[in-house]
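Below you'll find the structure, written out as structure tokens, and then a few comments.
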Amino acid sequence: MNATLATLANVTQRIRARSAATRERYLDQVQRLGRRLPGVERMGCANVAHAVAALPSNDKLRIVAERAPHLAVVTAYNDMLSAHQPYEAYPAQIRRAAHALGATVQVAGGVPAMCDGVTQGTPGMELSLFSRDTIAMGTAVALSHDVFDAALLLGICDKIVPGLLIGALHFGHLPCVFVPAGPMSSGLSNSDKAKVRELYAQGKVGRDELLKAESAAYHGAGTCTFYGTANSNQMLLEAMGLHVPGAAFVHPQDPLRSRLTDEAVRRALAIQARGSAPAPIGQVVDERAIVNAMVALLATGGSTNHLIHWVAVARSAGILIDWSDFSELSAVVPLLARVYPNGSADVNQFQAAGGPGFVIRELLRAGLMHEDVLTVAGPSLQAYGRVPVAAGEQGVAWQDLPPASRDPEVLRGADQPFSATGGLKLLQGNLGRAVIKVSAVPEDRHWVEAPARIFDSQEAMQAAFKAGELERDVVVVVRFQGPQANGMPELHKLTPPLAVLQGKGFRVALVTDGRMSGASGKVPAAIHVSPEALAGGPLGRLRDGDLVRVDARSGELLALVDAAEWAAREPAQIRPEAALDNGMGLGRELFAGMRRNVSSAEQGAITWM
């Protein structure tokens with residue numbers, strides 16, 4: 001076994017050993033609940049009557065007398081999110097498809113779904129991370145009716161997919177299929193949009209020009225076309241076998257989209273306990289599926305948010321992972337895709353070049369994914385290395401991809417990758433543990449050593465930039481942005497000014513206990529620093545002017561301060577004015593309990609344990 005394959009095997013075995021006790025307890029629970037009678041046979045008559053009261057009489061007959069399969073739909077539909085707007089019509093389509101197959105459907109519940117693009121840089125963003133666990137709880141509430149044979153989960157964007165998945169895994173005996181809706185058509189390119197943002201940050205264009213550019217980029221129904229958290233979600237679901245194969249990036253208006261949704265109903269019926277290929281989600285999501293998701297994330301340069309979310313997802317299935325696992329895999333997983341912000345292409349170009357199917361096929365060929373895993377499409381990941389096409393009047397078939405990428409500037413095979421490694425590094429030192437994504441960072445910026453400038457909010461950093469105070473080599477430190485402090489908002493508003501400074505030739509880096517997610521790009525950013533400043537983390541010991549080293553080559557995150565002086569320093573406290581709830585009256589106060597109870601970023605920022 002060569003070193004690359006040995007790493008995959010070693011990381012998987014280490015996770016399996018670390019998780020032995022928690023995974024055993026989880027699977028015992030899955031099996032115990034899976035042995036129960038169907039809900040309408042198990043529950044009291046009044047319970048059953050309530051469950052079917054509003055259904056048409058034919059559906060009542062199917063459920064109660066004929067014991068027909070009964071499917072739940074948990075939907076994150078709203079038309080605030082462009083990606084979720086197409087879901088408005090899905091329940092009716094799913095009912096039609098189920099009825100044609102002799103089954104019944106109920107929308108079991110809806111879950112909240114906030115748009116990070118709308119709330120970016122506003123008080124609403126402080127609810128964003130915690131919306132994940134709120135969605136998980138909403139999913140559990142929906143499924144708590146407990147009369148279902150399988151579930152279809154309708155969600156795409158940032159916290160929605162992890163939340164739905166966490167909630168579903170707490171009903172691990174239930175087979176589940178995720179149903180995507182596809183990306184919006186390409187508009188203004190992501191690179192051109194980024195240029196306008198940088199010009200606006202410098203005051204060279206006005207708000208009208210910026211709004212025009214943003215509106216040309218975000219212009220219709222479907223997922224935003226850059227490779228951020230939402231589209232990374234879709235890649236990971238493909239790698240875990242939780243979609244109909246190849247469903248991720250088919251456009252909402254493509255006729256194939258409707259066929260794939262019908263196919264999701266067929267798959268849900270096939271994998272339910274009385275179907276032809278039972279596959280409860282708690283068995284589908286094992287340590288091999290989690291490793292496959294990690295590998296897919298690294299091979300495509302996906303969102304760093306998943307170093308938080310997939311830790312929580314894994315924990316929901318009794319599986320324990322940490323950032324060391326990601327970092328070790330990253331050292332051997334090649335980068336196969338260049339999609340913005342790791343390149344100029346958008347997800348539509350990625351799909352046209354071969355998309356998730358090409359990536360999965362290449363990783364399987366290279367031995368970098370586990371093939372013998374249970375999926376909603378069968379007991380192998382091979383189907384996810386092919387692409388769906390229309391077949392017959394309403395059906396779907398799958399065909400092989402060409403041997404080579406259709407666009408080698410966007411997607412490459414495992415034998416000729418863009419980079420030999422996934423570009424994700426673990427940083428450690430006297431400032432704590434952090435992660436850095438360098439797949440889009442120029443190689444000469446993988447190491448930055450410069451004096452620190454400390455801020456307690458992104459607004460303070462932006463004000464200093466506008467005042468010209470950062471026109472030098474600098475490590476910008478934005479602290480008190482962790483889960484306990486303010487819900488760990490994404491700090492995308494920092495990207496344009498930092499990019500401007502780097503573009504002027506200064507050596508610049510960001511260090512923060514907050515998030516940057518899939519929109520981080522060419523500026524080196526040590527993010528998710530743990531423990532966070534509010535929890536007594538070492539970022540609180542930093543002072544303006546301290547020399548800080550961010551080194552992705554050696555994995556160092558250091559304050560170059562005399563050890564005795566460092567130990568003697570009292571950690572800074574969050575300033576009273578910064579601690580005030582500027583989100584009061586906008587819902588933030590409802591999440592105070594989550595902020596008090598949340599675990600660290602590396603532990604998944606979990607609020608329910």
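The values are calculated or read from the model by the stated rules, or taken from the named source; none is laboratory data. Bear in mind the structure is a predicted one, so any value in this text is a computation, not a measurement. Glycine gets a Cβ as well: all are built from the backbone with ideal geometry, and neighbour counts include every protein chain shown.
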Original post:
Restricting to the stretch 234-253, what's the tally of residues that are of a type in the set (Gly, Ala, Ser), over 15 Å from the mean Cα position of the chain (by Cα) and either under 18 Å from Leu364 (Cβ atoms) or modelled with pLDDT under 95 (or both)?
Top reply: 2
**OP:** Working only within the stretch 590-609, note down all residues that are at pLDDT below 95, part of a loop (DSSP other than H, G, I, E, B) and closer than 13 Å to Thr134 by Cα.
**Re:** Trp608
Subject >> Failed item, numbered, when Ala92 is tested on (1) under 16 Å from the mean Cα position of the chain (by Cα); (2) surrounded by fewer than 22 Cβ atoms within 10 Å (Cβ to Cβ) >> reply: (1)
Original post:
buried (at least 21 other Cβ atoms within 10 Å of the Cβ), of a type outside the set (A, V, I, L, M, F, W, C) and more than 21 Å from Ser258 (Cα to Cα), is that true of Arg67?
Top reply: no
**OP:** Given the conditions (1) touching a Phe, Trp or Tyr at 6+ places or on another chain (Cβ under 6 Å); (2) more than 24 Å from Ser232 (Cβ to Cβ), report the number of the one that Gly487 does not fulfil.
**Re:** (2)
Original post:
From Ala142, Ala72, which residue is in a helix (DSSP H, G or I), among the aliphatic types (A, V, I, L, M) and surrounded by 24 or more Cβ atoms within 10 Å (Cβ to Cβ)?
Top reply: Ala142
**OP:** Kindly provide the set of residues from the stretch 298-321 that are touching a strand residue (DSSP E or B) at 6+ places or on another chain (Cβ under 8 Å) and of a type in the set (A, V, I, L, M, F, W, C), ordered by number.
**Re:** Leu298, Ala299, Leu307, Ile308
**OP:** Considering only the stretch 33-46, state which residues are outside any loop (DSSP other than H, G, I, E, B) and touching a residue at least 24 places away in the same chain (Cβ under 8 Å).
**Re:** Leu33, Gly34, Gly39, Val40, Glu41
Original post:
Out of Pro408, Pro379, Pro417, which single residue is surrounded by fewer than 18 Cβ atoms within 10 Å (Cβ to Cβ) and either modelled with pLDDT under 95 or not assigned by TED's automatic domain parsing to the domain that holds Val285 (or both)?
Top reply: Pro408
Original post:
What residue, among those in the stretch 456-483 that are over 22 Å from Arg549 (Cβ atoms) and among the aliphatic types (A, V, I, L, M), is surrounded by the fewest Cβ atoms within 10 Å (Cβ to Cβ)?
Top reply: Ala467
Original post:
What number of residues within the stretch 340-369 are within 30 Å of Ala273 (Cβ to Cβ) and either buried (at least 22 other Cβ atoms within 10 Å of the Cβ) or among the basic types (Lys, Arg) (or both)?
Top reply: 4
Original post:
Quick one: which helices (runs of 4 or more DSSP H) sit completely within the stretch 454-526 and have at least 3 residues that are within 14 Å of Pro341 (Cβ to Cβ)?
Top reply: 495-503
**OP:** Within the stretch 332-373, count every residue that is more than 18 Å from the chain's Cα centre (by Cα), outside any helix (DSSP H, G or I) and of a type in the set (Gly, Ala, Ser).
**Re:** 6
